[in-house]
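These notes are about the structure you will find just below.
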Amino acid sequence: MENGLLFNIDKLHTTELGIKRIKKNLLINSDVVLFCQKKILDKQCEIYQKGKNWYCIVDNIIITINAYSYTIITAHILKR
């Protein structure tokens with residue numbers, strides 16, 4: 001379950017393109033991996049796995065993470 005992601009939270013990483021994409025999507029200028037780790041560790045974060053990806057929803061943001069490599073693929077603001 002989500003324990004797999006939380007247990008391996010220190011393995012989270014992303015690519016250079018991922019950093020640019022996430023910064024643009026979330027309008028942030030901070031460390032992307034640190035930002036995502038904090039959001040995922042938030043008690044309000046809803047975590048679920050679908051296929052090969054983890055999805056983490058918190059504070060109107062969804063973060064997509066590859067379940068095998070722990071690569072943060074993307075993150076964006078939810079449109080509701």
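The values are calculated or read from the model by the stated rules, or taken from the named source; none is laboratory data. All of these numbers come straight from a predicted model, not from anything done at the bench. We place every Cβ from the backbone using ideal geometry, glycine too, and count neighbours over all the protein chains shown.
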Taking region 1-25 and keeping residues within 22 Å of residue 50 (Cα to Cα), part of a helix (DSSP H, G or I) and touching a helix residue (DSSP H, G or I) at 6+ places or on another chain (Cβ under 8 Å) leaves 5, 6, 9, 18, 22
Result of the Cβ filter at 7 Å on region 1-27, keeping first residues that are in contact (Cβ under 8 Å) with a residue 60 or more places away in the chain and surrounded by 14 or more Cβ atoms within 10 Å (Cβ to Cβ) and partners that are outside any helix (DSSP H, G or I) and of a type outside the set (A, V, I, L, M, F, W, C), at least 6 apart or interchain, is 12/70
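What are the residues in region 15-65 that are among the acidic types (Asp, Glu) and either modelled with pLDDT under 95 or out of contact with any strand residue (DSSP E or B) (no Cβ under 6 Å at 6 or more places or on another chain) (or both), if any? Show your work before the answer.
First, the residues of region 15-65 that are among the acidic types (Asp, Glu): 16, 31, 42, 46, 59.
Matches in region 15-65: 16, 31, 59.
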